[in-house]
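Remarks on the structure that follows.
Only the coordinates and a few stated rules stand behind these numbers; no lab work does. Since this is a predicted model, take the numbers as computed values, not measurements. Here the Cβ positions follow ideal geometry from the backbone for every residue, glycine too, while neighbour counts run over all protein chains shown.
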Amino acid sequence: MHIVSAYDEDLKYLAGRVAAMGGMAERMIENSISALVHNDVPKAQKVIADDEALDEAQREIDDRALSVIARRQPLADDLREIIGSIRISSDLERVGDLGKNIAKRAVAVAMARQPVKFFRGLQSLSELAAAQLKDVLDVYASRDVESLRSVRDRDYEIDAVYTSLFRELLTYMMEDPRNITPCTHLLFCAKNIERMGDHATNIAETIYYVVTAEQLPAERPKQDRSHDVTVEAGD
Amino acid sequence: MSEADRNASSAGPLAPYLARLGEARWVVATAAVAVFAVAFFSPAPWWLIAAAVLAIVAVAALLPRRSRQSRRREAQAQAMLGPVERLSAERLAAAVPDPLILFDQSGRIAHANRPAQTAFGAVQAGVDVRLRFRSPEMQELVRALLVGNVRPSGVDYAERVPVERHYHVNASSVGSGTGLFVLVFKDQSELRRVDRMRADFIANASHELRTPLASISGFVETLRGPARDDPKARDRFLDIMNDQTARMARLIDDLLSLSRLEMKSFIGPDERVDICLLVRGVIDSLTQLAREAGVEIVSDIPEGPIEVPGNRDELIQVFENLLENACKYGQSGKKVEIAVTRDADDQKGGAEITVRDFGPGIPDEHIPRITERFYRVDVEESRAQKGTGLGLAIVKHILSRHNARLTIRSVVGEGAAFTVHLPGV
């Protein structure tokens, strides 16, 4: 609480805008994947158009945050909160860009009907990334940072599924050269989803820092390394 | 009656006057100071000043604070208040079976009833409702409410973690002038899933059923044509056809049981299940199958009950699927181990159940994906073992409904271990 209640209003407004951006980004992930899987070109075009709103929201948050810093000279918690909202909004904006890219590829892939098996892995990968982003943004509301500790484990899981998907798509390309075009697009889509997961992890780190003023502790030593596969074909 | 009057009425005959005086203390004090100030500069006699002060105090004490009209209005309103209106919003919310969230004019959550806590995790009071429900439609709905135009129709809201759910959300303000608003979530997951099930069935099942169907119709043709008079070939073909129809039946069974699971509305597990007893039961029911496969089941289950919240039938299916898989795909290892332990990491008394086989193991690149629907490490092997590609998908779905985790460890050539971590609370 501050003596000047308008200051509280400023901070609350920023948090509200960040959450709204999060909602838009979550929606873009969902819609872009569904457009890709269901061959839905109009939906893909809507995603591409929606990205503009996300960019606009980020610019607005930047402006507001700067003006709050200039007017209120925030310290400690408040300063972290404001810097945090700038960083989170830029991560969310990137998630939106990646979603837009998937939507663009969906239009290209939709040129011909592709077999269902191409999309199955992609769908489950996107579910993981969306779940990761949702959980992280829920913590932004609840401030229950303890649950962020599992974020890194789940990022590994996303990476592992991505690597496996990479192999699978390569085998389809080797089976039939006609698969190369759609599978290359899908490969980029998979990479985009994997990066969305990375942004969600970044946001988790930012939130942890905002709330505790400490860095999210490095991953605990895990006995289970089986998820951490590397392939020479991967990156 | 105002609060002060009500308190006073029980305290004594003088109390209401004192209370009124108390309420008017600032006005009385200011008036007294003013009178003294005037007296100081004018030659009025002292008794006049005293009389003026006394008059002010007497008027303040005797006259009611509000006009007769306003008192009458309040009395009427009080008389109109039925027992319903006096119920607190909180108690009313507790009686509603649907998730319900109350929030105030600034958007902060004032109260979330129990179904809401179950559905959306811990929804703390004081958190801005727009931070928790971020979808653009919800943002717009809350914004419209707060600026005062209540839309009669609600919006749709979907929650995908841990289990996909769809809600129709209705919003309205509570009473008039309370400054509270309410969101009521109506679960519509079932309707949505019926739609999706149809689409899924066409996409997945038709694809999976095509292969056995094609093989059956191929054999029918052969039996009508070249193999018409060959009793040996006929028997063999009929056997194969029998296998294929059995496979289609299994596939449909599995698909239906997966859809049934997905259709259920999301309610956290309510009963407590003794895992030790449950696993012993599963082992008993699969002994026959293990014997046929030439596999020995070695169990390490402690005596005492380890109770976790869960749905008995669903958990039985989890361990049946895991144990059956271990017997089938780890057949070459001749042995399957199943161990139940208390989860050491979990202070709330969770359980860990490990099913380990000593078969060929699972290559690393497949591990993250074997719980996907229809994902098969080795298509031929899976077909030979009568797998449907759905067993682990069912396991994963049930476990996510239980907030449980599945970890898979495997070394190629040495076998695979599936560990289920069931939380204690």
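Work out the P(r) tail for the range B:191-263: percent of alpha carbon pairs separated by more than 18 Å, whole number.
Pairs farther apart than 18 Å: 50 percent.
At 25 °C and 0.890 mPa s, grab the translational diffusion coefficient of the range A:5-212 from Stokes-Einstein with a Kirkwood Rh over Cα pairs, rounded to a whole number in µm² per second.
It comes out at roughly 138 µm²/s.
Enter the Cα centre distance for the pair the range B:347-404 and the range A:110-128, rounded to the nearest angstrom.
Using only Cα atoms to place each centre, the spacing works out to 21 Å.
What average count of beta carbons from other chains do you get within 10 Å of the Cβ of residues in A:8-14?
Per residue, the number of nearby Cβ atoms from other chains is 1 on average.
Expressed as a rounded percentage, what relative contact order does chain A have, with Cα pairs under 8 Å and six or more residues apart?
Normalised by residue count, the contact order of chain A is 25 percent.
Can you run phi through the Karplus equation (6.51, -1.76, 1.60; θ = phi - 60°) for the range B:405-414 and list ³J(HN,Hα) in whole Hz, with x for Gly and Pro?
Ordered by residue, 3J(HN,Hα) equals 10, 10, 10, 10, 10, 7, 10, 4, x, 10 Hz.
Residue by residue through the range B:128-145, what is 3J(HN,Hα) from phi via Karplus (6.51 cos²θ - 1.76 cosθ + 1.60, θ = phi - 60°)? Round to whole Hz and write x for glycine and proline.
5, 4, 6, 6, 8, 10, 9, 4, x, 5, 5, 4, 5, 4, 5, 4, 4, 4
Once Lys and Arg get +1 and Asp and Glu get -1 on their Cβ, which of B:THR222, B:ALA199, B:LEU238 lies farthest toward the positive end of the dipole of the range B:191-263?
The one lying farthest along the dipole's positive direction is B:ALA199.
Taking every alpha carbon pair in the protein assembly as shown, what does the distance histogram look like in 20 angstrom bins from 0, in percent?
14, 40, 27, 11, 6, 2, 0, 0
If you build the convex hull over the alpha carbons only and average its shadow over all orientations, what do you get for the range B:272-422? Give it in nm² to one decimal.
8.3 nm²
With +1 on the Cβ of every Lys and Arg and -1 on the Cβ of every Asp and Glu, and nothing else charged, how large is the dipole of chain A about its Cα centre, in debye rounded to the nearest 20? Write down the numbers at each step before the final one.
Details: 30 positive and 41 negative charges, 120 e Å.
Here the size comes out at about 580 debye.
Specify the inter-centroid distance of the range B:112-126 and the range B:219-237, based on alpha-carbon positions, in whole Å.
Centre-to-centre (Cα) distance: 65 Å.
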